[in-house]
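Working notes, beginning with the structure itself.
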Amino acid sequence: MKFIYSPHYYADIGIHVFPIQKYHLVATALRQQHHIPAEAFVEPVAATTEQLLAVHTQRYLDELYQCQWTPRTAYSELPLTREIVDMFVLACGGTILAAKLALQEGAAMHIGGGFHHAFAEKAEGFCYLNDLAVAVRVMQQAPTSINSKKSAGQIQKAMVIDCDLHQGNGTAKIFEQDPTVFTFSIHQQELYPVKEKSDWDIHLPNAVSDAAYLQHLQAHIPKILDEFHPELILYQAGADPYEHDQLGDLRLTISGLAERDRLIFGWAQERNIPIAATLGGGYAYDTNDTVKIHTNTGIAAWEKWRNI
Ligand SMILES: [Zn+2]
């Protein structure tokens, strides 16, 4: 399996709760502490405008490219510079590549992405472009390959499993009327954002800990996979359900979050459903904890797919 990462996953966002250095730190930890070989890392190319238009509107993209504050871009809680916009376009390319490689190899992990608050026509939170939705749409539109065994071919049905602290509201809204994409989100109820309707939402009360959280996953995800039969899973592995996160009030431990990852990867692998994982939020008081949680997601995937 491959890890998708770019050294260009960095932009000046000023003093901010979003630890933008985490991309570099996770990639470095996987390489240096966990000895994942350089050959396992691939660099994405930026998504094309045509690919972004599979989800986003032309007017919104024009405003982003021109860095204009408008009623659509103004929902962002990040600055709006060309460097930042370019990073989001590249991250969309990264999740597209992760999805393609997952279809070829069973799994892939994007050390980036997971920007689930972006809507088709507007930004929200720390998200300008919804890489998860773009990757699903691009995979659905990919030409059917004659040589389908080793090529990323067309898929019809996909599932987004969103385990971020916050609801995947942008993703839910984008696919709201689309029976080919099942959106699942488990998140803290009493928290940003204004909720949209996913195909399956689990609204958690405050202070939920490991055992209860994992029980929710066990009670629902295998059943949904068996009934919906997705041909691809996009897994948003947010690090912010963590007990020491600055933005939330869930109480998962680092080992509980690692167990979450192992369960989800295991359910995909048992059913031979390709899975592309992305990062997501993560605002621990100690950024090292956020990096550890994301790194553990990578290790969980590597342990299952390294020899395939
Ligand atoms: Zn979040």
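Below is a table of values for the structure above.
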read-out: Segment 218-235, residues that are in a helix (DSSP H, G or I) and either buried (at least 16 other Cβ atoms within 10 Å of the Cβ) or not charged (D, E, K, R) (or both); value: Gln218, Ala219, His220, Ile221, Pro222, Ile224, Leu225, Phe228
read-out: Cβ-Cβ under 6 Å pairs, at least 6 apart or on other chains, segment 245-257 side within 16 Å of the ligand (Cβ to nearest atom), far side in a helix (DSSP H, G or I); value: Leu252/Asp210; Leu252/Tyr213; Leu257/Ile293
read-out: Within segment 236-278, considering residues that are closer than 26 Å to Pro193 by Cα and small (Gly, Ala, Ser), the one surrounded by the most Cβ atoms within 10 Å (Cβ to Cβ); value: Ala277
read-out: Any hit, segment 263-277, residues being away from the ligand (no atom under 16 Å from the Cβ), closer than 18 Å to Ala29 by Cβ and at pLDDT 95 or above; value: no
read-out: Residue within segment 92-107 that is buried (at least 24 other Cβ atoms within 10 Å of the Cβ), assigned to a strand (DSSP E or B) and more than 16 Å from the ligand (Cβ to nearest atom) present; value: yes
read-out: Pairs where the first residue, in segment 281-294, is more than 15 Å from the ligand (Cβ to nearest atom) and the second is of a type in the set (D, E, K, R) and in a helix (DSSP H, G or I), C-beta under 6 Å, 6+ apart; value: Val291/Lys22
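The values are calculated or read from the model by the stated rules, or taken from the named source; none is laboratory data. Keep in mind that what you see is a predicted model, and the values were worked out from it rather than measured. Because the Cβ atoms are built from the backbone with ideal geometry, glycine has one as well, and the counts that use them run over all protein chains shown.
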